[in-house]
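The values are calculated or read from the model by the stated rules, or taken from the named source; none is laboratory data. Here the structure is a predicted model, which means the values were calculated and not measured. Ideal geometry is used to build each Cβ from the backbone, glycine not excepted, and the neighbour counts take in all protein chains shown.
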Amino acid sequence: MTVAEFVRGRVTQWETAGNITPRNAQRYRQLVENQIVPHIGTKPLQKVSRLDVEAWHAALRNGGLAARTIGHAHRVLGAALSDAERDGAVVKNVQDVPGFVALLRAVAGRLYAPAIVALFTGMRLGEVLALREGRVDLDKGVIEVREALEETKTYGVRFKTAKTKAGRRNITLPTIAVEALRDHRKHLLETRLLLGQGRLAPDDLLFANLEGPTASAQCRIIRLGRPRRAHRHTRHHVSRPSAYPRLAVDRRQC
């Protein structure tokens, strides 16, 4: 049996058993056909290795696929392989979370924390970039999603308040996301103290110095929390560049 045949069968079984809704089943099938089958679908199920999974992740990433979509595809394949391991179809589930996280940490570097938050919460990129200190409670392990960062031709770069119940939501964080955020917050605080900026205020952005599309006249620099508009002729000359990590914001994903 191939990976494609097994995963397709598992999605059908999950839907039949009522474990997922028809809407989710439709989305899972899209992920299977678009992200899983073209890359490792023909591989015999029992011969899938960790190297195959890593090569699959690399192919998706190099193809320009959003991290959020890669995470969804990863979870679908992981759930299917967990079923295969439990039923004895495979000896070991090679699609394990620790292995994937180790790969992500090596690839993402300083962007590891926002990547982990996006992958394990399902938050949109714009919501992650708009996350403020006061909206994160690591002791309770909860994130409050209330706004998103977006860029439009009409308004440029701006923060947009969520208007629907689906947009305004609280998300319970898994342990891995809590640990990533604690580590990120620690390094951010150390950098701020070195620069004499003090502790984070509740309204400060958690992911610092995120630079918008360099081709845009509406480019914005968000420096250690508080945003300010950067002039077009100076946007490539930010003071202390080594002290501030940057992340390119793709307007198509905000």
*asked:* Can you tell me which of (1) over 30 Å from ARG75 (Cα atoms); (2) modelled with pLDDT of 85 or more is the one GLU147 doesn't meet?
replied: (1)
*Test for ILE176: is it at pLDDT below 85 and within 20 Å of the chain's Cα centre (by Cα)*: yes
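Of the residues in region 62-87, how many are of a type in the set (Asp, Glu) and either over 20 Å from ALA102 (Cβ atoms) or modelled with pLDDT of 85 or more (or both)?
Qualifying residue count, region 62-87: 2.
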*When you look at THR42, is it in a loop (DSSP other than H, G, I, E, B) and surrounded by fewer than 16 Cβ atoms within 10 Å (Cβ to Cβ), yes or no?*
yes
*Which of (1) farther than 14 Å from LEU206 by Cβ; (2) in a strand (DSSP E or B) is the odd one out, the single condition LEU104 does not satisfy?*
(2)
*Looking only at region 11-32, count how many residues are over 11 Å from VAL76 (Cβ atoms) and either more than 25 Å from the chain's Cα centre (by Cα) or not polar (S, T, N, Q) (or both).*
8
*asked:* Being at pLDDT 80 or above and either outside the structural domain of LEU205 (by TED's automatic domain parsing) or surrounded by fewer than 14 Cβ atoms within 10 Å (Cβ to Cβ) (or both) narrows it down to one residue among LEU104, LEU111; which is it?
replied: LEU111
